[in-house]
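The values are calculated or read from the model by the stated rules, or taken from the named source; none is laboratory data. A quick note: this is a predicted structure, and the numbers were derived from the prediction, not measured. Positions of Cβ are backbone-derived with ideal geometry, glycine not excepted, and every protein chain shown enters the neighbour counts.
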Amino acid sequence: MRSQLVRNPCVVLLLLLLTSPLSAQTPPASPKLEPVASKYTKFEYRVPMRDGIKLFTAVYVPKDDTKTYPILFTRTPYGVGPYGADQYRAKLGPSAHFEKSGYIFVYQDVRGRMKSEGEFLHVRPHNPKKKPTDIDESSDAYDTIEWLLKNIPGHNGKVGMWGISYPGFYTACGMIDAHPALKAASPQAPVMDMFDGDDSRHHGAFMLAHNFGFFAAFPKMAPERIKKPDLVRFDYGTPDGYQFFLDMGPLENADTRYLKGVEPFWRDLMAREIYDDGCKASDLRPHLRDIKPAVLTVGGWYDAEDLTGTLEGYQKVEKFGSPKAGNHLVMGPWVHGGWAGSDGDKLGDVSFRARTAEYYREHIEFPFFEHHLKSVGTPKTPKAWMFETGTNRWRRFDAWPPKAVVPTKLVFQMGGKLERGSPKGEGRETFDEFVSDPAKPVPYLGTIGTGMATEYMTADQRFAASRPDVLVYQTPPLETDLTIAGPFEIDLHVSTTGTDADWVVKLVDVYPKDYPDADPNPEKVRMGGYQQLVRSDVMRGKFRNSLEKPEPFVPGQATRVKFTAPDVLHTFRSGHRVMVQVQSSCFPLFDRNPQRFGPIASAKESEFQRQTHRVYTSPKHPSQLEVLVLP
């Protein structure tokens, strides 16, 4: 296996944002700050909220006072430094276009973080029935905008909000019961439901590597430490994260051995394996109603953290009253936050043959805010502005998913075949089976590293296809292009000798055997027969019918497991194959399942047991993907 440094993309984003503006993070002071200081004057304020708590807010005002400017506002838990009225950020706004055009840039430490007063709560629940002094993140955004309009001279009365990841969550909160001056908002990779679908769990399975790295770093993010990122990073003591987490043992050892109770939210995650009322309270999606500002929701097809929040946030705004000013979705071939700080021309071994992020910043994001905050230009933003992978081109749609899609079944057949249409057979029961051993889980990546690799969502899957505990189904080489657009259903009939099991399903694009290698090719990656991951997802079997009421499997009994995977827009080119891989572990991306019904956070090592799993392929118990094909 190739060896490389692999890191949790959220933690990478936290650290990179200390020296870049991706999510309004804190850069260290340096001589490069002079260009901002020459054009902008910085002020620091402590802005009072309706309950008397004051939030630390940095404001950068253009020195040219012959014009009025809109306010571009970001709220973050990661720090708005460098702190000190004479210490300037290296860059302002989402991209250089904004700084050059001229805005009043506002950065705020959210309640209870860094230099702001009050109590910090992760993904603070929205309160739709606030009394006059009750607060939530929506009211804090409203109160700040009201204060800015009254106390910062030189504005034109219009405000925009933007933010990536956690700041994207705060942007989405600001859209709810928005201040009338908030005319445009861009929640980018926003957290919508921390407890299922986004950062923490997928269909009940816990994202171990990502959360461990994030919560090992997050409590250390403080003004006195952020200038030295090495003080923030967790030291794994080895480059081999797979072995580190395997040696860690049961999930409860994460806190007792390493986190030491310093992050209370970790304990909440462990205590809330079942989707209870506390989890539901933190789900922002039900509150995205009657949104007034124009909305530009932005995400990456290869965002391993907040892909669901991005897609479902857009859909909820659309469903519960799309704003008259417009509700738009942008998806590109990017990792978490990749549209803000990269060219977006490749990910890992996969090239997109275009500077996609540069195109987005210049032709989509900047014109959106210019139009809504400065009345510059005419609206040209389609309902959905999507990058189609495979063909590597931008496409515009007047609805997402596109109206023209045709539901199509990709059915598992005996002999590892994948065919369009209906299950075939003579009525006899057929199946494929494998042994799943928690002591030897399937790795989620074929390289050595710690944390969660930024490139894993396009990575070559040949390492997995060769394992005996991974089932493989594939089509013959395609005669014509096949474009899949939108979410797709994973519909399995399975059984196990145990009482619980995870079901991991991967949609894979298999390149032709003679596909040319990259040039240059320093890593000597052979692209002929490359198995590019297009989308994967997991269902923790006991939650197959409800996240609130887990149910054990009856050993040996065929059982239906059906769940939805996040959207794709991908074309399998002619000559390529469509492959589906099925397995029961994906480690340490997801925690290990003991394969024995019961709470996993408190499971002991003795409870982790080998089991034999079956995937059925008969007309009586078919297994298939139900995809949306774009003609």
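Select from the range 80-101 the residues that are surrounded by fewer than 17 Cβ atoms within 10 Å (Cβ to Cβ) and without any contact (Cβ under 8 Å) to a residue 60 or more places away in the chain and write down the one among them that is nearest to G337 (Cα to Cα).
Residue satisfying both the conditions and the ranking: A96.
Since D276 meets every condition but one in (1) surrounded by fewer than 16 Cβ atoms within 10 Å (Cβ to Cβ); (2) in contact with a Phe, Trp or Tyr (Cβ under 6 Å, 6 or more places away or on another chain), which condition does it not meet?
So D276 meets the others, but not (2).
Quickly run through the range 443-460 and pick out the residues that are surrounded by fewer than 19 Cβ atoms within 10 Å (Cβ to Cβ) and hydrophobic (A, V, I, L, M, F, W, C). Steps first, answer last, please.
So in the range 443-460, the residues surrounded by fewer than 19 Cβ atoms within 10 Å (Cβ to Cβ) come out as 446, 448.
I448, the sole residue that qualifies.
Can you tell me which residues in the range 33-45 are in contact (Cβ under 8 Å) with a residue 40 or more places away in the chain and in contact with a strand residue (DSSP E or B) (Cβ under 8 Å, 6 or more places away or on another chain)?
V36, K39, Y40, K42, F43, E44, Y45
Tally the residues that are assigned to a loop (DSSP other than H, G, I, E, B), surrounded by 24 or more Cβ atoms within 10 Å (Cβ to Cβ) and touching a Gly at 6+ places or on another chain (Cβ under 8 Å), restricting the search to the range 198-228.
The number of residues fulfilling the criteria is 2.
Is the range 330-345 home to any residue that is assigned to a strand (DSSP E or B), out of contact with any Lys or Arg (no Cβ under 6 Å at 6 or more places or on another chain) and farther than 30 Å from P516 by Cβ? Walk me through how you get there before you give the answer.
First, pick out the residues of the range 330-345 that are assigned to a strand (DSSP E or B): 330-332.
With out of contact with any Lys or Arg (no Cβ under 6 Å at 6 or more places or on another chain) added as a condition, the list becomes 330-332.
Applying the additional criterion that residues be farther than 30 Å from P516 by Cβ yields 330.
Yes, the conditions are met somewhere in the range 330-345.
Go through V534, V582, V538, V568 for me and flag whichever is in contact with a Cys (Cβ under 7 Å, 6 or more places away or on another chain), crowded, with 21+ Cβ neighbours inside 10 Å and either in a strand (DSSP E or B) or small (G, A, S) (or both).
Working: V534 fails: in contact with a Cys (Cβ under 7 Å, 6 or more places away or on another chain); V582 fails: in contact with a Cys (Cβ under 7 Å, 6 or more places away or on another chain); V568 fails: in contact with a Cys (Cβ under 7 Å, 6 or more places away or on another chain).
Just one listed residue meets the conditions, V538.
Among the listed residues P48, P21, which satisfies the condition of being of a type outside the set (F, W, Y), at pLDDT 95 or above and either in contact with a strand residue (DSSP E or B) (Cβ under 9 Å, 6 or more places away or on another chain) or within 26 Å of E146 (Cα to Cα) (or both)? So that I can check it myself, show each step before the final result.
Details: P21 fails: at pLDDT 95 or above.
Only one candidate passes the filter, namely P48.
Would you pick out the residues in the range 80-97 that are under 10 Å from A58 (Cβ atoms) and under 26 Å from the mean Cα position of the chain (by Cα)?
If the condition is that a residue be under 10 Å from A58 (Cβ atoms) and under 26 Å from the mean Cα position of the chain (by Cα), then V80, G81 are the ones that fit.
Tell me which residues, restricted to the range 244-267, are without any contact (Cβ under 8 Å) to a residue 40 or more places away in the chain and under 25 Å from the mean Cα position of the chain (by Cα).
Restricting attention to the range 244-267, the residues satisfying the condition of being without any contact (Cβ under 8 Å) to a residue 40 or more places away in the chain are 247-248, 253, 255-257, 260-261, 264, 267.
Hits for the range 244-267 are D255, P264, R267.
Residues that are of a type in the set (S, T, Y), touching a Gly at 6+ places or on another chain (Cβ under 7 Å) and part of a loop (DSSP other than H, G, I, E, B): does the range 390-399 have at least one? First the steps, then the outcome.
To start, the set of residues in the range 390-399 that are of a type in the set (S, T, Y) comprises 391.
In the following step, the residues that additionally are touching a Gly at 6+ places or on another chain (Cβ under 7 Å) were identified as none.
No, the range 390-399 has no match at all.
Determine whether the range 363-380 contains at least one residue that is surrounded by 16 or more Cβ atoms within 10 Å (Cβ to Cβ), assigned to a loop (DSSP other than H, G, I, E, B), at pLDDT below 95 and in the same structural domain as R285 (by TED's automatic domain parsing).
Quick first cut of the range 363-380, residues surrounded by 16 or more Cβ atoms within 10 Å (Cβ to Cβ) only: 364-374.
Checking which are assigned to a loop (DSSP other than H, G, I, E, B) leaves us with none.
The answer is no; no qualifying residue exists.
Which numbered condition in (1) under 30 Å from D235 (Cα atoms); (2) in a loop (DSSP other than H, G, I, E, B); (3) not hydroxyl-bearing (S, T, Y) is the only one that F463 fails?
It fails just one condition, (2).
Say whether the condition of being of a type outside the set (S, T, N, Q), part of a strand (DSSP E or B), at negative phi and within 21 Å of the chain's Cα centre (by Cα) is met by at least one residue in the range 177-189.
Initial filter on the range 177-189 (of a type outside the set (S, T, N, Q)): 177-185, 187, 189.
Pick out the ones that are also part of a strand (DSSP E or B) and you get 182-185, 187.
In the following step, the residues that additionally are at negative phi were identified as 182-185, 187.
If we keep only those that are within 21 Å of the chain's Cα centre (by Cα) as well, we get 185, 187.
Yes: the range 177-189 contains one or more residues that are of a type outside the set (S, T, N, Q), part of a strand (DSSP E or B), at negative phi and within 21 Å of the chain's Cα centre (by Cα).
Each row is one residue, and each column tells you yes or no for (1) closer than 30 Å to L630 by Cα; (2) at pLDDT 95 or above; (3) not acidic (D, E).
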position: K424; (1), (2), (3): yes, no, yes
position: G427; (1), (2), (3): no, no, yes
position: R462; (1), (2), (3): yes, yes, yes
position: S466; (1), (2), (3): no, yes, yes
position: S495; (1), (2), (3): no, yes, yes
position: P512; (1), (2), (3): yes, yes, yes
position: A518; (1), (2), (3): yes, no, yes
position: N521; (1), (2), (3): no, no, yes
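Would you call R573 in contact (Cβ under 8 Å) with a residue 12 or more places away in the chain, basic (K, R) and in contact with a Pro (Cβ under 6 Å, 6 or more places away or on another chain)? Please lay out each step first, then the result.
Working: in contact (Cβ under 8 Å) with a residue 12 or more places away in the chain: yes; basic (K, R): yes; in contact with a Pro (Cβ under 6 Å, 6 or more places away or on another chain): no.
Here the answer is no, as R573 does not meet what is asked.
Which one is farthest from the chain's Cα centre (by Cα), of the residues in the range 548-565 that are of a type in the set (A, V, I, L, M) and crowded, with 21+ Cβ neighbours inside 10 Å?
Here the residue is V561.
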